[in-house]
Amino acid sequence: MVLPIIAYGDPILRKMSEEIDESYPDLKEFINDMYETMYDSSGVGLAAPQVGRSIRLFIIDGEKYGEEDESLLNFKEVFINPIIIEETGQEWDFNEGCLSIPGIREDVRRKPQITLEYYDENFVLKEEIFDGVAARIIQHEYDHIEGVLFTDRINPLRRRLLKGKLHNIAKGNIEVDYKMKFPLLK
Ligand code: ZN
C-alpha cells in the first residue's frame, strides 16, 4: 500500500523517534508499505516519520545511483534502531533532496565515512562501515529519525531565501506527482 508522504512543516518530522523491538506490530507489512511508497515517489531512501510513524527505522535502495557508483547497485537495506558510532574524513558537498521537501535541492556538507550499528529487518545486529553516497543517504535518513531535515544543515542565508518555498510546501501549494499529506492545507 502506498502511504502518503508527510510534507515539511508537520511536527512529526521534528520529533525524536523511538526505538522498536521485535514485538512491533505488523513490522513486515509496514516495511513493504515503505518500499512501495519509496518506489512510487522515485526516492532512494525513506524514514518512518515521513510516513507518520515516529520510530527509528528507515529503508534505502540505492539502485537509482548505480550508474554513477556501482557499489550502490546492491545497496538495499532496512535499518532499525541505528546508531552512528563514528563519522570520519574530510567534509564534502553533496546535493541533497528530500521526499518531504519536493522541489528543493541544496548542497549539504557532511563527512564521507560512517561506522553504523543497526538491526536489519530480521533483528540481526550488524556493524558496518559505509562511505561516499551510501554513507550520505544513511546520514540523511538518520537525521529524519532525530527530527532533523537537510534544510537545517545549509547556511542561514540560503535557508532564509527558501522560507517562502518551504511555507508553500507546508500549505500544499506545489506540484508533486506522488501522494503527500500537507500540514497547513486548508
Ligand atoms: Zn529526507
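Among 129, 94, 74, whose Cα projects farthest towards the positive end of the dipole of the stretch 5-180, with charges put on the beta-carbon of Lys, Arg (+1) and Asp, Glu (-1)?
Toward the positive end, the furthest listed residue is 94.
Excluding residue 158 itself, calculate the net charge of residues whose Cβ lies under 13 Å from the Cβ of residue 158, where each Lys or Arg counts +1 and each Asp or Glu counts -1. Display every interim value, and only then the final one.
Values: positive: 105, 109, 153, 159, 160, 163, 165; negative: 93, 96, 106, 107, 152.
So the surrounding residues net to +2.
Cut-off 10 angstrom, C-alpha nodes, Gaussian network model of the chain. Which of 162, 57, 72 fluctuates the most?
Maximum among the listed residues: 162.
Cα centroid distance between the stretch 76-125 and the stretch 30-71, in Å?
12
For the stretch 61-66, take each phi angle, set θ = phi - 60°, evaluate the Karplus expression 6.51 cos²θ - 1.76 cosθ + 1.60, and give the result in whole Hz per residue in order, putting x for glycine and proline.
My calculation for the stretch 61-66 gives 9, x, 3, 3, 8, x Hz in order.
Counting Lys and Arg as +1 and Asp and Glu as -1, what is the net charge of the other residues whose Cβ lies under 9 Å from the Cβ of residue 60?
On the way: positive: 76; negative: 61, 77, 141.
Computed value for this residue: -2.
Can you list the HN-Hα couplings for the stretch 166-182, worked out from phi with the Karplus curve (6.51, -1.76, 1.60; θ = phi - 60°), rounded to whole Hz and with x for Gly and Pro?
These are the phi-based 3J(HN,Hα) values: 5, 5, 5, 4, 4, 7, x, 8, 8, 8, 8, 9, 9, 6, 9, 10, 9 Hz.
Residue by residue, what Karplus-based ³J(HN,Hα) values in Hz, rounded to whole numbers, does the stretch 41-49 have, using 6.51, -1.76 and 1.60 with θ = phi - 60° and x for Gly and Pro?
9, 6, x, 10, x, 8, 9, 3, x
Loop only per DSSP, at most 15 neighbouring Cβ atoms within 10 Å: give me the GluC sites (Glu not before Pro) in the stretch 1-55, ordered by residue number. Each step should come with its number before you reach the end.
Values: sites: 18, 19, 22, 29, 36; in loops: 19, 22.
Sites meeting the loop and neighbour criteria: 19, 22.
List the residues, sorted by chain then number, that are 5 or more residues from residue 181 or on another chain and whose placed amide H is less than 5 Å from its amide H.
5, 6, 7
Restrict the search to the stretch 103-186; then list the GluC sites (Glu not before Pro) that DSSP places in a loop and that have at most 11 other Cβ atoms within 10 Å of their Cβ.
Details: sites: 106, 117, 121, 127, 128, 141, 146, 175; in loops: 121, 146, 175.
When the GluC sites (Glu not before Pro) of the stretch 103-186 are filtered for loop state and at most 11 Cβ neighbours within 10 Å, 175 remain.
Taking R0 as 22 Å, what's the FRET efficiency between residue 158 and residue 92 from their Cβ-Cβ distance, rounded to 0.05?
Details: r = 17 Å, r/R0 = 0.79.
For R0 = 22 Å, the calculated efficiency reads 0.80.
Using unit Cβ charges (K, R positive; D, E negative) and no other charged atoms, how large, in debye to the nearest 20, is the dipole of the stretch 5-180 about its Cα centre? If you can, show how the numbers build up before the last one.
Numbers: 21 positive and 36 negative charges, 255 e Å.
Dipole size: approximately 1220 debye.
Could you list which residues have their amide H under 5 Å from that of residue 107, counting only those 5 or more apart in sequence or on another chain, with H placed in the peptide plane?
HN-HN under 5 Å from residue 107: 96.
Which whole-number percent is the relative contact order of the chain (Cα, under 8 Å, 6+ apart)?
27
Looking at the stretch 1-53, which trypsin sites (Lys or Arg not before Pro) are DSSP coil and have at most 15 other C-beta atoms within 10 Å of their C-beta?
Values: sites: 14, 15, 28, 53; in loops: 15, 53.
In loop regions of the stretch 1-53 (DSSP not H, G, I, E or B), the sparsely surrounded trypsin sites (Lys or Arg not before Pro) are 15.
Based on a Kirkwood Rh over C-alpha pairs, give the Stokes-Einstein translational diffusion coefficient of the stretch 5-180 at 25 °C and viscosity 0.890 mPa s in µm²/s.
Diffusion coefficient, whole number: 148 µm²/s.
Throughout, read-outs are computed from the coordinates displayed, never taken from laboratory work. Bear in mind that the values here come from a model prediction, so they are computed numbers and not experimental data. All Cβ positions, even for glycine, are placed from backbone atoms using ideal geometry, and neighbour counts span all protein chains on display.
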